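Bear in mind that the values in this text are calculations on the coordinates, not laboratory data. Quick caveat, the model's predicted, so the values are computed rather than measured. Quick reminder, even Gly has a Cβ in these numbers, built from the backbone with ideal geometry, and neighbours come from all protein chains shown.
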Amino acid sequence: MDVKIEPGWKSRLSQEFDKEYFVRLTGFVRDEYHNSRIYPPGPLIFNAFDVCPFGRVKAVIIGQDPYHGPGQAHGLCFSVKDGVDFPPSLINIFKEIESDIGIPRPVSGDLTRWAEQGVLLLNATLTVRAHQAGSHQKKGWEEFTDYVIRVLNGEKENIVFFLWGAYAQKKGESIDRSRHLVLESVHPSPLSASRGFFGNRHFSKCNEYLVSKGIEPIDWR
């Protein structure tokens, strides 16, 4: 099956595209786009991979579902396009960055600027039906994104994995902590942020680790 995705990723993921689960998933997703309002827009399903080529990945933030409100999702977890109100979790991420490294809250919630520096903003599920959180879970996306994590874990070294909340932590259980840095805390959602997301200092810890390995740090502005 021919999937349009950044060439470095394509060479590593192409075997998944021909597997039965992915063929079934593709059929389901195609029908959903035809019959319902689905986010993100079809051309942006693999946006996280296209703006963060495999060869450049140095950090991974794992989300769960794309945003399911109008105009929000554009294929990068936690990110929204310019002009869209910041969702609560993104506001809390920016608050922690300000508290951790002193960068004031930006005017743009579009995190493409992070992705282009090597931060893979990976949702576990890459599509969702409008206003129905979790509506595309357990259709095959999780199997695909588990494989993505396995490839990164096995083929690269010194990646920083951000695992916020129980869901992301479960998804990252197989990551080799002797090859990579794994940063875990509660989720930045307003329901949990005050119980350990605020004050986790993950952004400075990430950069300290990258610098210690001779890797250019992330500009979190």
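Okay, which of the range 45-65 sit inside 14 Å, backbone N to the point 7 Å along the Cα-Cβ direction of residue 158?
Output list for this probe position: 56-59.
Percent relative contact order of the chain, based on C-alpha pairs within less than 8 angstrom and at least six residues apart?
Values: 367 pairs, mean separation 49.9, N = 221.
Here the relative contact order equals 23 percent.
Mind checking which lysines have their Cα closer than 17 Å to the Cα of residue 19? Skip sequence neighbours fewer than 8 apart in that chain.
Straight-line reach from residue 19, under 17 Å: 4, 10, 138, 139.
Provide the gained length on full extension for the span residue 198 to residue 105, in nm with one decimal, where the gain is 0.36 nm per separating residue minus the Cα-Cα distance. Don't skip to the end; give the middle numbers.
Values: separation 93, 0.36 × 93 = 33.48 nm, distance 1.47 nm.
32.0 nm is the gain from fully extending residue 198 to residue 105.
If you look at just the Cα atoms of the range 116-158, how large are its Rg and its Dmax in Å?
Over the range 116-158's Cα set, Rg and Dmax evaluate to 12.8, 38 Å.
Apply the a/c threshold of 1.5 to the C-alpha gyration tensor of the range 129-221 and tell me whether it is rounded, prolate or oblate.
Numbers: a/c = 2.13, a/b = 1.25, b/c = 1.71.
It comes out oblate by the Cα gyration axes.
Can you pull the three principal axis extents for the Cα set of the range 72-189, in Å, largest first?
Extents along the principal axes, in whole Å: 37, 36, 26.
First check a/c for the range 1-116, with a ≥ b ≥ c the square roots of the eigenvalues of its C-alpha gyration tensor; if it is under 1.5, answer rounded, and if not, answer prolate when a/b is larger than b/c or oblate otherwise. Each step should come with its number before you reach the end.
Values: a/c = 2.71, a/b = 1.53, b/c = 1.76.
Oblate is the answer for the range 1-116, as a/c is 1.5 or above yet b/c matches or exceeds a/b.
So how much slack lies between residue 37 and residue 117, counting 0.36 nm per residue of separation and subtracting their Cα-Cα distance, in nm?
Computed gain between residue 37 and residue 117 is 25.7 nm.
Roughly speaking, what is the centre-to-centre gap between the range 178-221 and the range 98-145 when only Cα atoms are used, to the nearest Å?
15
Taking a quarter of the surface of the Cα convex hull of the chain, what do you get in nm²?
On the way: hull surface 45.4 nm².
Mean orientational projected area (the chain, Cα hull): 11.3 nm².
In nm, to one decimal, how far is the modelled label at residue 205 from the one at residue 143, with both set 7 Å along Cα→Cβ?
Rounded to a tenth, the inter-label distance reads 3.4 nm.
Please identify which residues in the range 79-115 have an amide N closer than 15 Å to a label point set 7 Å out from the Cα of residue 219, following the Cα→Cβ vector.
Only 103-104, 106-108, 111-115 fall inside the zone, counting backbone N under 15 Å.
Please compute the length gained on full extension between residue 56 and residue 14, using 0.36 nm multiplied by the number of residues separating them and subtracting their Cα-Cα distance. Present the calculation step by step, with values, prior to reporting the outcome.
On the way: separation 42, 0.36 × 42 = 15.12 nm, distance 1.88 nm.
Using 0.36 nm per residue and subtracting the Cα-Cα distance, I get 13.2 nm.
Assign one of three labels to the range 157-204, namely rounded, prolate or oblate, based on the Cα gyration tensor with a ≥ b ≥ c the square roots of its eigenvalues; rounded applies when a/c is under 1.5, prolate when it is not and a/b is larger than b/c, and oblate otherwise.
oblate
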